[in-house]
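Note sheet for the following structure.
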Amino acid sequence: PRVSTFYGIAVYLYTGTTPPHFHAIYGDDEAVIEIATGTVLAGHLPRRAQSLVNDWLAAHRDEIQANWDAAAAGQPLAPVPPLD
């Protein structure tokens, strides 16, 4: 499910594999990013989009992790505010 959208970037959470991560999609590009470290596990985003995602993650890491935990427990996800 999509948890946030900002500056043309859509962020989705899918559980089932570890470590906890999210998918950031910008146009035809997609990156899988670890929540705890911000490490790109797979894929690629353009430099500017990656920078925006990094800023968003830094501002909302706890909310994103809480959503991951909720999803893993079969609970509904809460929207995460976009990057200002």
Just one listed residue, out of ALA72, ALA36, is modelled with pLDDT under 95 and among the small types (Gly, Ala, Ser), and it is ALA72
Working carefully through the options VAL80, VAL32, find the one that is in contact (Cβ under 8 Å) with a residue 40 or more places away in the chain, closer than 17 Å to ARG2 by Cβ and under 11 Å from the mean Cα position of the chain (by Cα). VAL80
Being among the aliphatic types (A, V, I, L, M), surrounded by 13 or more Cβ atoms within 10 Å (Cβ to Cβ) and in contact with a helix residue (DSSP H, G or I) (Cβ under 9 Å, 6 or more places away or on another chain) is the filter here; which residues of region 37-84 pass it? VAL40, LEU45, LEU57, ILE64, LEU77, VAL80, LEU83
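Every residue, every condition in (1) under 19 Å from PRO79 (Cα atoms); (2) part of a loop (DSSP other than H, G, I, E, B); (3) in contact with a Lys or Arg (Cβ under 7 Å, 6 or more places away or on another chain), yes or no:
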residue: PHE22; (1), (2), (3): yes, no, no
residue: VAL32; (1), (2), (3): yes, no, no
residue: GLY38; (1), (2), (3): no, yes, no
residue: LEU41; (1), (2), (3): no, no, no
residue: VAL53; (1), (2), (3): yes, no, no
residue: LEU57; (1), (2), (3): yes, no, no
Would you say THR18 is open to solvent by 60 Å² or more (accessible area, probe 1.4 Å) and modelled with pLDDT of 95 or more? no
Which one is most open to solvent (accessible area, probe 1.4 Å) among residues in region 21-36 that are acidic (Asp, Glu) and closer than 22 Å to ALA71 by Cβ? GLU30
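The values are calculated or read from the model by the stated rules, or taken from the named source; none is laboratory data. All values reported here derive from a predicted model rather than from experimental measurement. Note that we place each Cβ from the backbone using ideal geometry, even for glycine, and neighbour counts take in every protein chain shown. Side chains included, ligands, DNA and RNA excluded: accessible areas come from the protein's heavy atoms. Shrake-Rupley method; radii C 1.70, N 1.55, O 1.52, S 1.80 Å.
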